[in-house]
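So the structure is just underneath, and the comments pick up after that.
The values are calculated or read from the model by the stated rules, or taken from the named source; none is laboratory data. In this text the structure is predicted, and so the values were computed from the model without any measurement. All Cβ positions, glycine included, derive from the backbone under ideal geometry; neighbour counts span all protein chains shown.
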Amino acid sequence: MGLTSSGREPRVYRVSELTGEIQVLLESRFDFIWLEAEISNFSAPASGHYYMILKDEQAQIRGVMFRPQARGLKFVPENGMKILAQGRIGVYAPRGEYQLILDYLEPLGVGALALAFEQLKRKLAAEGLFDMTLKRPLPFLPQRVALVTSPSGAAVQDFLKIIYRRFANLEVIVVPSRVQGAEALSDLLAALEAADRYVKPDVIVIARGGGSLEDLWPFNQEELARAIRRSNAPVVSAVGHETDWTIADMAADVRAPTPSAAAEMLVKEKEELVRRLQDWRQRLRRSIGYLLDMQEARLKSLQRTVAAPVRAVEAWWLRLDDLQGRLLRRMKARLDEEYRRLRSESRSLHFYAPAARIERERRQLAYSASSLVNGIERRLETLRFSLDLAQGRLRDLSPAAALQRGYSITFRLPEETVLRDAADVGKGESIKVLLGAGSLEARVEKLEADQRWVFGSQQTPST
């Protein structure tokens, strides 16, 4: 091993030692930094940690935000988002990689709360939580109202003042809840559930005065929006001023710009209701009087035109009897026709039924088989008769039959050729005579070649 310029041997590191010293240098030098970057390759596994790449035009660095810090974010990071990050440099020794361990993220160009509001609004809108088809109508005149708000706030005083001025005997039950701060969301959820379960109101009003986006943030939570939709009674959201919109406003059945406006929506003024009732009563009386006059005039007209109601009733009775008789006859004729059609179809069904058809085919097959056997037997009998006749004729025409009748066949020896003419043999030559029983060998002593035998008689040609 060579020496260094100082004359000492160089230090040899192990990988873990080198990585450890690099880790100490980096983490001590960059223990608190701010970084402006763009997010890419963002992932949020089930562990709750956030992993991402932080980059600009020339370089990139890995970033991780662990679950405790991630739960404190008001928004969810997205790919392509420009952010301002605060964290520290950390070294992951097993892979020899350095990364930025994030403690805080803030979107550039828009506030974190505003971004979180837009993200949640898009998410719930995509689920259909804000659909108008889900909105429930308010009752015309509710008898019991549950008001979820802070008992010490100005909203409750404004609401009650208008309610009791318009309709003093309307029952309003205030369900107390904090409407601002870190504990406001849990209070609102508990108050909404208690109002829906125990108060059982005709309508629920969630009210609060105006404020900044941070002040109204408990009303921009997903849990509150879903609780509003789960409520059995219709919900009116009266949060903030007329220009303030919250997630609760969008999820509620009715949005009122202010608590006072919510009270005006719920009830009309008592005097107005009384006046309208009186007006309806007068209009109803006039309408009923007009209808009674019309019916009385019509009754008098009918009395004049109907001289003898009994006769008209008798005529209708006769017509009813006639129609009843015609109906019975038509029904009987229709039933008879349907019965005949049913019998015809039943016969057809029986005729074309598989069992009946199989039975017919079986009988036809038996008949065909019997006919075939009889035809074969007759044919065989005819052939036997023809065979016997041919055999008889064959026996009658055979040479053996002719020999039995006294004829003979003469052969010339030694060739054993059949002699048909005496001229074919010479005197002294040997011949063989085949008889009906046995044969003879002889020598020709005399020839009579001029004689001919015709039908059993001997003829001698004339000379």
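Could we say that Arg165 is exposed (fewer than 13 other Cβ atoms within 10 Å of the Cβ), basic (Lys, Arg) and not assigned by TED's automatic domain parsing to the domain that holds Gln221 here?
Here the answer is no, as Arg165 does not meet what is asked.
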Considering only the range 220-254, state which residues are surrounded by 19 or more Cβ atoms within 10 Å (Cβ to Cβ) and of a type in the set (D, E, K, R). Asp244, Asp249, Asp253
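Any residue in the range 10-29 that is under 30 Å from Glu222 (Cβ atoms) and not aromatic (Phe, Trp, Tyr)?
No: zero hits.
If we scan the range 190-206, do we find a residue that is under 47 Å from the mean Cα position of the chain (by Cα), modelled with pLDDT under 85 and not assigned by TED's automatic domain parsing to the domain that holds Glu38?
Taking every residue of the range 190-206 in turn, none turns out to be under 47 Å from the mean Cα position of the chain (by Cα), modelled with pLDDT under 85 and not assigned by TED's automatic domain parsing to the domain that holds Glu38.
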Of the residues in the range 408-463, those that are modelled with pLDDT of 80 or more and aromatic (Phe, Trp, Tyr) come to Phe411
Subset of the range 181-240 [small (Gly, Ala, Ser), within 18 Å of Pro151 (Cβ to Cβ) and in a loop (DSSP other than H, G, I, E, B)]: Gly181, Gly209, Gly211
Kindly establish whether Ala155 is assigned by TED's automatic domain parsing to the domain that holds Ala261, hydrophobic (A, V, I, L, M, F, W, C) and either at pLDDT below 85 or in a helix (DSSP H, G or I) (or both). yes
Could you check the range 35-73 and list, in sequence order, the residues that are in contact with a helix residue (DSSP H, G or I) (Cβ under 6 Å, 6 or more places away or on another chain) and either over 14 Å from Gln99 (Cβ atoms) or exposed (fewer than 15 other Cβ atoms within 10 Å of the Cβ) (or both)? Gly48
Within the range 265-281, does at least one residue satisfy the condition of being within 40 Å of the chain's Cα centre (by Cα), touching a residue at least 12 places away in the same chain (Cβ under 8 Å), surrounded by 15 or more Cβ atoms within 10 Å (Cβ to Cβ) and not in a loop (DSSP other than H, G, I, E, B)? no
Test result for Asp131, acidic (Asp, Glu) and farther than 25 Å from Phe219 by Cβ: no
Would you mention how many residues in the range 94-129 are in a loop (DSSP other than H, G, I, E, B) and modelled with pLDDT under 85? 5
Residues of the range 14-44 being of a type in the set (Lys, Arg) and without any contact (Cβ under 8 Å) to a residue 60 or more places away in the chain, in sequence order, are Arg14
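One line per residue, one yes/no per condition, for (1) over 24 Å from Leu440 (Cβ atoms); (2) outside any loop (DSSP other than H, G, I, E, B):
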residue: Arg363; (1), (2): yes, yes
residue: Ala366; (1), (2): yes, yes
residue: Ser370; (1), (2): yes, yes
residue: Gly375; (1), (2): yes, yes
residue: Thr382; (1), (2): yes, yes
residue: Phe385; (1), (2): yes, yes
residue: Arg395; (1), (2): yes, yes
residue: Tyr407; (1), (2): no, no
residue: Thr410; (1), (2): no, yes
